[in-house]
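S.K.: Here you go, one structure.
The values are calculated or read from the model by the stated rules, or taken from the named source; none is laboratory data. Please read all numbers here as calculations on a predicted model, not as lab measurements. Cβ atoms come from the backbone with ideal geometry, glycine included; neighbour counts cover every protein chain shown.
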Amino acid sequence: MNQSLASPSTLERLVPAALDPKDVTGRETYQLHIERYDFARRFIGSGRVLDCACGVGYGSHRLLAGGGDTLRVTGVDIDESAVAYARANFVDPRLGYLCADAATFDAEPFDAIVSFETIEHVVDPERLIDNFVRLLAPGGLLIASVPVTPSVDVNPFHLHDFTPASFRRMFVRRGLTEIDSLPQRQPYQPLKMLAGEETRLSDMRKNLIGYYAAHPKAALTRLYSTVVDGFCNKYLTCVWRR
């Protein structure tokens, strides 16, 4: 196994076989991903499906469960090592993987596109969503998720914060119709984070006080979120029809 994929210090790449039973945060995060894929499966039974930013492939493989012989899933990820792991470990004749950039990936239209916890990572979310819409067949489904509580302040891999309203607006103004949604919650213990007891969070932003000093609006956003939501990360998955 590629050791970088199985690193216990990051939430940005989860490998199910490498999760330690004591890794509470990692296992909780993995379970949230599984719930999203199971939610998506309710709307997918046949046709061409794109899983964009598929990681090591466990979600792409899970989308096949209960699907018919006409179901075809393509998993796409920008990380070559993740794609190689997926090809070796999550195999099905109805499933294939490609290494590509989600914002520029091109193919024949898909009947459904799934992309979980991707949009907050890219420099230009609007460009990415435009590409999703371009790749989606008329009447097709787009199923995507983002964190809807602040994350940019503590996670240097996240480039954008979204609220439920700002997330939904990006799709509504492209003429998509929301047909269902899945809200999720993940409580966290701030004292453990500050004490460094959560190994899986060791790649989070260092010197938060300095960051807040340089970005006072982020500090206010975090304060407001803590008052309203408590010590809890929230996520939103929505299903849109073109």
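S.K.: Kindly list the number of the only condition in (1) assigned to a helix (DSSP H, G or I); (2) in contact with an Asp or Glu (Cβ under 7 Å, 6 or more places away or on another chain); (3) surrounded by 20 or more Cβ atoms within 10 Å (Cβ to Cβ) that fails for residue 128.
M.R.: Of everything listed in (1) assigned to a helix (DSSP H, G or I); (2) in contact with an Asp or Glu (Cβ under 7 Å, 6 or more places away or on another chain); (3) surrounded by 20 or more Cβ atoms within 10 Å (Cβ to Cβ), residue 128 misses just condition (2).
S.K.: Among the listed residues 145, 202, identify the single one that is of a type in the set (S, T, N, Q) and at pLDDT below 95. First the steps, then the outcome.
M.R.: Details: 145 fails: at pLDDT below 95.
202 is the lone residue from the list that is of a type in the set (S, T, N, Q) and at pLDDT below 95.
S.K.: Return the residues of the range 134-161 that are under 28 Å from residue 48 (Cβ atoms) and either acidic (Asp, Glu) or surrounded by 15 or more Cβ atoms within 10 Å (Cβ to Cβ) (or both); say none if nothing qualifies. Before the answer, list the steps.
M.R.: Quick first cut of the range 134-161, residues under 28 Å from residue 48 (Cβ atoms) only: 134-146.
Once the filter is applied, which keeps residues that are under 28 Å from residue 48 (Cβ atoms) and either acidic (Asp, Glu) or surrounded by 15 or more Cβ atoms within 10 Å (Cβ to Cβ) (or both), the range 134-161 yields 135, 136, 137, 140, 141, 142, 143, 144, 145, 146.
S.K.: Also: Inside the range 204-235, can you point out the residues that are surrounded by fewer than 12 Cβ atoms within 10 Å (Cβ to Cβ) and touching a strand residue (DSSP E or B) at 6+ places or on another chain (Cβ under 9 Å)?
M.R.: 230
S.K.: Would you point out the residue of the range 202-219, among those that are outside any helix (DSSP H, G or I) and of a type outside the set (Asp, Glu), that is farthest from residue 12 (Cα to Cα)? Full working, then the answer.
M.R.: Taking the range 202-219 and keeping what is outside any helix (DSSP H, G or I), we get 202-207, 215.
Of the ones still in play, those that are also of a type outside the set (Asp, Glu) are 202, 204-207, 215.
Details: 202: 12, 204: 10, 205: 13, 206: 16, 207: 20, 215: 24 Å.
The extreme case among them is 215.
S.K.: Here's something else I'd like to know. Can you pull out every residue in the range 131-143 that is assigned to a helix (DSSP H, G or I) and in contact with a strand residue (DSSP E or B) (Cβ under 8 Å, 6 or more places away or on another chain)?
M.R.: Within the range 131-143, 132, 133, 135 meet the criteria.
S.K.: Inside the range 27-63, can you point out the residues that are under 20 Å from residue 180 (Cα atoms) and of a type in the set (Val, Ile, Thr)?
M.R.: 34, 44, 49
S.K.: Do the conditions hold for residue 111, that is, is it more than 16 Å from the chain's Cα centre (by Cα) and at negative phi? Steps first, please.
M.R.: Values: more than 16 Å from the chain's Cα centre (by Cα): yes; at negative phi: yes.
Yes: the conditions hold for residue 111.
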